[in-house]
1. What three numbers, in Å, describe the spread of the alpha carbons of segment 50-157 along their principal axes, ordered from the longest?
2. Taking the Cα centre of the chain as origin and charging only Cβ (+1 Lys, Arg; -1 Asp, Glu), how large is the dipole, in debye to the nearest 20?
3. Distance in nm between label sites at Leu174 and Ser91, each 7 Å beyond Cα in the beta-carbon direction?
4. Return the equivalent ellipsoid semi-axes of segment 1-77 as a descending list in whole Å, where each equals the square root of 5 times an eigenvalue of the C-alpha gyration tensor.
5. Calculate, in nm to one decimal, what Gln145 and Ser55 gain on full extension: separation in residues at 0.36 nm each, minus their alpha carbon distance.
6. Measuring from label point to label point, each 7 Å out along Cα→Cβ, what is the Gln9 to Asp166 span in nm?
7. Using the Cα centre of the chain as origin and beta-carbon charges of +1 (Lys, Arg) and -1 (Asp, Glu), tell me which of Leu118, Pro106, Ile71 is placed farthest towards the positive end of the dipole.
8. Say R0 is 25 Å: what FRET efficiency, to the nearest 0.05, do Glu40 and Asp121 get from their beta-carbon distance?
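Read-outs: derived from the displayed coordinates by stated rules, not from any lab. All figures in this text were calculated on a predicted structure; none of them were measured in a lab. In this analysis, Cβ positions are derived from the backbone assuming ideal geometry, glycine residues included, and neighbour counts consider all displayed protein chains.
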Amino acid sequence: MTLEIQEIQEEFGRLFSLLVPLSKEFNKKNYETVFKDQYESFRPLFTAVSTQYESAGDEEKQQVLDELAGILPGMMKELLDEQPSRRKKESILMPYNLSMVAYVIPMFRYGKTESGELFVDRMIELWNENSLDMKISKSTFDEIQSGFRSRFCYITTAVCESLGRDDDCRELTLLRNYRDEYLVNTPGGKELVEEYYNVAPTIVKRINRMENAGEIYRDIWETYLSTCVSLAEEKKLEECRRVYTDMVNSLRETWLYS
């Protein structure tokens, strides 16, 4: 089945309406099932986007790409423009960013086509054209799925790697368990973790560009993470949460807003 332009618009609208609900389904237990169900549901859309681009003439391809890749960013822009403040915009954007990275981008890349890659690159570029510092980047289903096993503590993992600790070291395991078994089940905890997912990859990338990245990671360890580990070991879970929150806020201010 080939979708017409109007049907493509409608399918993008349906996808956009699911981004917030999908963000609430984002967890280790449900991710693979939800992702594959949604991929099958929207498979005609992915095929239609590729067909529209590939069937266009050489002089029309960029225009077609811009128009199709701009649909979801355009919807997001309209929603953000309605918000009265930067803080409100960021609050609104957070679950959308999460679902874009966890579901939408990986779904368009799942078929491993050249047109899908071009579409995703342009969509990300347009999505990030706002006055906010909460940006998204490319991701795949396999990266997300494997991340639930080991890689979702972006900053903590980067710090431990810089200190020569293995990915399954005691500290990382302890903090992952704290996140999965306690933090996400507390009021506001899931939102805090979602915010961390949004900002942490960018923070790590920016730190890694610095010549003194090792010193920066060591300072993060000494200032925040070693304290979190000690508090988690002592079952002082709320105190650990306060330190964790301070770390997220401080790193965001230093590496995203400065």
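1. Each principal axis gives a Cα extent; for segment 50-157 these are 46, 39, 15 Å.
2. So the dipole magnitude of the chain works out to roughly 860 debye.
3. It is 3.5 nm.
4. Ellipsoid half-lengths, sorted descending, are 26, 14, 11 Å.
5. Answer, rounded to one decimal: 29.1 nm.
6. Calculated label separation equals 5.7 nm.
7. Pro106
8. After rounding to 0.05, the efficiency reads 0.55.
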